[in-house]
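Below is one structure, written out as C-alpha cells; comments come after it.
The values are calculated or read from the model by the stated rules, or taken from the named source; none is laboratory data. The structure displayed is predicted, hence computed values, not measured ones. Here the Cβ positions follow ideal geometry from the backbone for every residue, glycine too, while neighbour counts run over all protein chains shown. To get the accessible areas, we keep the full protein, side chains included, count just its heavy atoms, and leave off ligands, DNA and RNA. Shrake-Rupley method; radii C 1.70, N 1.55, O 1.52, S 1.80 Å.
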Amino acid sequence: MTKNIKIPMTFQSDEKGYLDRQCPNRNCEFVFKINMEDWKEKMHGDVHCPMCGYIASNDQWYTDEQIAVIRKNARNYAVSMVQSMLSKSFSRLANSTRNNKYIKIVYKPSKKISIRNNPIGQREEWNLDITCEQCGTRYSVIGSAYFCPCCGYNSVEQVFNDSISRIEKMIEAQDFMYEKLADEYGVDEANKMCRSMLEGTLGDIISAFQKFAKENLVHKSELDISKIKVNDFQIISKGNDLYDKHLRKAYSTCLSEDELTFMNILFQRRHILEHNDGIVDEKYIEKSNDLSYAIGQRIIVKKEDIICLVEIIKKLTNFFRE
Ligand SMILES: [Zn+2]
Ligand SMILES: [Zn+2]
C-alpha cells in the first residue's frame, strides 16, 4: 500500500511579490518570475513559457534551486518521520513486555529531530516588469519575453519595442565593445567581431520590422492570418502594396522618396549578406539600384546606416500604429 505524505512547505515571494519559475523544456530552462497572487489565483491549468512558448501543467515549473530545497526538506521530513515511528513502536514494545519475565525491553526516547521548513526564498528582484495586455497577469523577466505565462498571448508591441531598444543599445555600445575586444583579442579580431555584430543588428531590425508589420496589418485589417507572410515585408514594394490596399497606408505617406530608397537599399544589403555572404551580384544591383558597389565587391555595414534605418523604421511603425 502506498500512502501519500504531505510535507508542509511554504513558498515565499520576493520583496516585489514574485515567485520564481523555470521552464521545464530542456532546450530552454528559462527562469522567470510571476506575481504570487496571480500564480495562486489564475494559474490552475497550463502554464506557458514566456521565452519559448512551451506549455506544461502548473506543477512542472520549479526552478533548480527550489527542487534542491524541496528535496532537502523531504529528506529531513522522512528521517524525522521514521524516527518518530520507531520511537512509537519501541515504546509500545517496551510496554507490552513490561510483565514478561523472559524479555525485557526498556525504551528511552531519544532527542527528537525537529523540522523547520525553510521558506523557499526567491532571487533578488529583476528589472523588466510586464503586465499582460490580454489577461492582466504580472510577471518579470531578465531581457525580453514573447509569451504571457498565463494566457500565452504574444505581445507584438512589446517584442518590437524590446528589439529596437536592444539594437539601439548595441549600437551605442559599439565603441566601448571595440575597445574592450581590441584589448583582449587585438585590433584585427575586434574589427571582425564588431563588423559581424553590426551585420547582425541589420538582420535584427529587419526581422523585427517584418514581424511587427505583419501582425499589425492582420490585427488592424482583420485579414486572414494565413494569407499574409512575414517575408512579404522583406520586399519594400510588396509590404507597401499590402498596407496601401488594406489600410490605405502607403509607406510613401510618411516616408520621403530618399528614405524609401535608403530603406530598400539596406533591406537588399541584408538579403545579400544572408544569402551570398555579402558579395554583390547582378540581382542585388538590379533590385537595390545601389550604384556605390560593383559586382563582386563585399557589402560594408556602417553604424551610421543602422542608426538611420532604425529612425526610418520607427517613423514607419508609428505611422502604422496611428
Ligand atoms: Zn521555455
Ligand atoms: Zn496573459
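Kirkwood Rh and Cα-based Rg: tell me the resulting Rg over Rh for the chain, rounded to two decimals.
Using only Cα positions, Rg/Rh for the chain is 1.23.
Round to the nearest 10 and give me the degree value, 0 to 90, for the angle of helix 257-275's Cα axis relative to the longest principal axis of the chain.
Helix 257-275 and the main axis of the chain meet at about 60 degrees.
With all protein chains present, how much of the accessible area of the chain (probe radius 1.4 Å) comes from carbon and sulfur, to the nearest whole percent?
With neighbouring chains kept in place, the figure for the chain is 50 percent.
Heavy-atom accessible area of Leu223 with all protein chains present, probe 1.4 Å, nearest 10 Å²?
40
Express in nm, to one decimal, how much length is gained between Val230 and Cys308 on full extension, taking 0.36 nm for each residue of separation and deducting their alpha carbon distance.
Contour length minus Cα-Cα distance gives 25.8 nm.
Using only protein heavy atoms and a 1.4 Å probe, report how much of Phe32 is accessible, in Å² to the nearest 10.
Counting only protein heavy atoms, the figure is 0 Å².
How much length is gained on full extension from Ala56 to Gln83, taking 0.36 nm per residue of separation minus their Cα-Cα distance?
Full extension of this stretch gives 6.0 nm more.
For n ≥ 4 DSSP H runs only, could you compute -39500 (n - 2.57) per run for the chain, divide by its residues and tell me the 222 nm figure to the nearest 500?
That calculation yields -17000 deg cm²/dmol at 222 nm.
Do the alpha carbons of any pairs in Lys42/Lys315; Lys214/Lys315; Lys180/Lys302; Lys33/Lys180 sit beyond 28 Å of each other, and which pairs?
Beyond 28 Å between Cα atoms: Lys42/Lys315; Lys33/Lys180.
For Glu15, Glu311, what's the largest-to-smallest order of accessible area, 1.4 Å probe?
Heavy-atom accessible area, descending, gives Glu15, Glu311.
Got a sec? Charge dipole of the chain, +1 on Cβ for Lys and Arg, -1 for Asp and Glu; which of Leu19, Ile225, Pro50 is way out at the positive end?
Of the listed residues, the answer is Leu19.
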